[in-house]
Amino acid sequence: MAVLEILTYPDERLRRVSSPVERFDAALQARIDDLEATRLAGPGAVGIAAPQVGWFERVLIVDVSGRRKTSSHGRLVLVNPEITEWEGFAMGREGCLSVPDYTGNVVRAERIHVDAFDPEGNPVSFDMEGFEARAVQHELDHLDGLLFLDRLVSRRQDLFRRKVYK
Ligand code: NI
């Protein structure tokens with residue numbers, strides 16, 4: 001496994017739209033292992049998306065199980081994920097490995113239904129809510145070339161500088 005370099009804003013590569021995964025093979029699993037190693041090597045990120053390491057395919061990992069009072073399906077590796085239902089809205093604070101110096105308040109759906117594939121190519125689907133739903137929406141944005149910065153209502157009011165990523 002390898003810890004990969006994380007692209008950071010304003011790197012234009014973060015704007016690319018990623019392609020669907022077409023082959024569920026050992027090479028895919030190896031790249032997923034590197035993606036997870038990179039997430040874990042950082043400062044406790046709850047998620048990472050493939051394009052953040054310059055891999056422009058539709059793969060993301062989320063794991064919010066370390067947060068207290070948060071409903072969670074544990075560690076999820078989602079390939080070709082699609083959100084098919086949205087419900088409610090909530091404002092919440094987000095950070096991003098690709099935007100290490102800031103956090104921001106972003107409005108997301110409170111509950112979502114997600115269809116995807118697992119790394120072996122089996123279809124999976126989840127109903128999720130709260131912070132887990134937020135994390136999946138954030139990571140899925142990366143697959144479409146979007147950052148949380150793009151979703152701020154006001155940079156002046158909703159963007160916060162941070163001293164230490166944690
Ligand atoms: Ni991010």
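A helix-only calculation puts the chain at -6500 deg cm²/dmol for mean residue ellipticity at 222 nm, using -39500 (n - 2.57) for each DSSP H run of at least four residues, averaged over all residues. With viscosity 1.002 mPa s and temperature 20 °C, the Kirkwood radius over alpha carbon pairs of segment 47-131 converts through Stokes-Einstein to a diffusion coefficient of 153 µm²/s. Here the Debye sum runs over all C-alpha atoms of segment 111-166 as equal scatterers in vacuum, and log10 of I(q)/I(0) at q = 0.20, 0.23, 0.25 Å⁻¹ comes out as -0.92, -1.05, -1.12. Of the peptides 56-63, 4-11, the order by per-residue mean of other Cβ atoms within 10 Å, starting with the highest, comes out as 56-63, 4-11. For segment 103-143, the equivalent ellipsoid derived from the Cα gyration tensor has semi-axes of 22, 12, 7 Å, listed largest first.
Taking amide hydrogens as placed 1.01 Å from N in the peptide plane, the amide H of Tyr102 sits under 5 Å from those of Arg162, each at least 5 positions away in sequence or on another chain.
Given the convex hull of the Cα atoms of the chain, what is a quarter of its surface area in nm²?
On the way: hull surface 36.8 nm².
The Cα convex hull of the chain, projected and averaged over all directions, gives 9.2 nm².
A short reminder: the numbers here are calculations on the coordinates, not readings from a lab. No experiment lies behind these values; they were computed from the predicted model shown. Glycine also receives a Cβ, built like all others from the backbone with ideal geometry; neighbour counts cover every protein chain displayed.
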